[in-house]
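Comments concern the structure below.
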Amino acid sequence: MLISTEFGVYRGQRRADVKITCPFCSRDSHVVFFGNNKVETLTDYLSSGISFLTQDLPFEAPIREFLKSGYCRECMELMFGTSSTKIKYVKRERR
Ligand SMILES: [Zn+2]
């Protein structure tokens, strides 16, 4: 489900790009997290696996749902009636 997490630094702030395949429609989505605190929390969450409660994460609900379930924007909208524009589709690479 979780494909990859890329860490980097942008304008002095840490950033993390989390890419997940939607378990529903198999499309790849990603969310970019920005800011030292957010990225640190995200790192803790990812390294602790499912033992970490997503409700404690300092992100908006759709982003927490994305991290937990991997649902893409459209599937999340269908299921919960809400989503976030921060969840973006990954364009397929040309081969
Ligand atoms: Zn989907």
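State which residue is farthest from the ligand (Cβ to nearest atom) when the search covers only the range 1-16 and only residues that are in contact with a Phe, Trp or Tyr (Cβ under 8 Å, 6 or more places away or on another chain) and of a type outside the set (K, R). So the residue we want is Q13. Just so you know, in the range 61-79 the residues that are over 12 Å from V31 (Cα atoms) and more than 9 Å from the chain's Cα centre (by Cα) include one that is farthest from the ligand (Cβ to nearest atom), and it is A61.
Going by the conditions given, is F33 free of Cβ contacts under 8 Å to residues at least 40 places away in the same chain, aromatic (F, W, Y) and touching an Asp or Glu at 6+ places or on another chain (Cβ under 9 Å)? Yes: the conditions hold for F33. With respect to the stated conditions, K91 is within 18 Å of C22 (Cα to Cα), charged (D, E, K, R), modelled with pLDDT under 95 and assigned to a loop (DSSP other than H, G, I, E, B). Scanning the range 20-73 for residues that are of a type outside the set (V, I, T), in contact with a strand residue (DSSP E or B) (Cβ under 9 Å, 6 or more places away or on another chain) and under 12 Å from K86 (Cα atoms) turns up S29, H30, F33, F34, F59, F66, C72, R73. Comparison of S26, S47, S83 shows that the only residue that is free of Cβ contacts under 8 Å to residues at least 40 places away in the same chain and surrounded by 18 or more Cβ atoms within 10 Å (Cβ to Cβ) is S83. Among the residues of the range 17-60, those that are out of contact with any Gly (no Cβ under 9 Å at 6 or more places or on another chain), in a strand (DSSP E or B) and within 16 Å of the ligand (Cβ to nearest atom) comprise V18, K19, D28, H30, V31. For the range 64-78, filtered to residues that are at pLDDT 95 or above and aliphatic (A, V, I, L, M), the residue that is surrounded by the most Cβ atoms within 10 Å (Cβ to Cβ) is M76. Residues in the range 1-16 that are free of Cβ contacts under 8 Å to residues at least 12 places away in the same chain and not in a strand (DSSP E or B) were compared, and the one that is nearest to V90 (Cα to Cα) is R11.
The values are calculated or read from the model by the stated rules, or taken from the named source; none is laboratory data. If you're wondering where the values come from, they're calculated on a predicted model, not measured in any experiment. Using ideal geometry, Cβ is built from the backbone for each residue, glycine included, and neighbour counts are taken over all protein chains shown.
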